[in-house]
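Values in this text are rule-based calculations from the coordinates and carry no lab data. Keep in mind it's a predicted model, so treat the numbers as computed, not measured. Positions of Cβ are backbone-derived with ideal geometry, glycine not excepted, and every protein chain shown enters the neighbour counts.
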Amino acid sequence: MTESPVLQAIWEGKIPYQESLSLQEQLKVDACKNKKAFLLGFECPACITLGLRGKETEDLSGSVAEYQKNNIEVVAIKRGGQATLHSPGQLVIYPVMDLLKWKIRPRDFLSLLEKITQNTLKKYGIIAEKKENSAGLFTQVGKIAFFGIHISGGVSQHGLAINVQNDLMLFNLIRSCGVSHRQHDSFQNQGLRPELKEVFSDWCEIAEDVFLDRLK
């Protein structure tokens, strides 16, 4: 009888962004060796990440040196997409999974993350939808969830971010996913103030049902 994969949620709280990258690499090794998958949840100090299509000259409203003076880190990472901003009060979730073991085709993985996130937002009464030719999930007010994944050796890294209680004005520092002056939304903007750990727990609960259903 084949042993079923194990899904493990890990809440790190507030950590430096670079630490999240190191954790991902450690979890990737474990995901490859064992029948495990990890859902890594955290928040981090203000940080701008540039995906594979991101360019400092096009996607930042200022110079890297200016951001560094204000303690805002700029990090180039191996995920799809362009510039994304993380900051305190934003929930970041990185699923580290061997997709083959979970019977998930790489091209389906992003759709599953979007579905899980939509259902999590709906649990709080927030309706968010995809827009044609625009990555992410949008309420009637603006963008509330962001997605950018990287798959190497069949194992997923990076993932998604959800605006919960973060300062939306900070998005003016970037061309969010390639768009200038984009409108954004958050739980707090909707009059909701759940703890990030609570939203993460709800996301993981929904994710477990969705991912385990793939094994049937």
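What the table shows:
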read-out: Point-charge dipole on Cβ atoms (K/R +1, D/E -1) for the chain, about Cα centre, debye to 20; value: 580
read-out: Reachable aspartates and glutamates, given that their alpha-carbon falls under 20 Å from the alpha-carbon of K216 and they are not under 8 places away in the same chain; value: E3, D98, D108, E205, E208
read-out: Listed values (1) 17.9; (2) 17.4; (3) 18.5, entry calculated as Kirkwood radius over Cα pairs in Å; value: (2)
read-out: When each of K35/K197; K78/K130; K55/K122; K14/K103; K35/K78 is checked by Cα-Cα distance, pairs over 27 Å; value: K55/K122; K14/K103
read-out: Dipole of the stretch 6-213, positive direction: furthest Cα of G62, I174, A135, with charges on the beta-carbon; value: A135
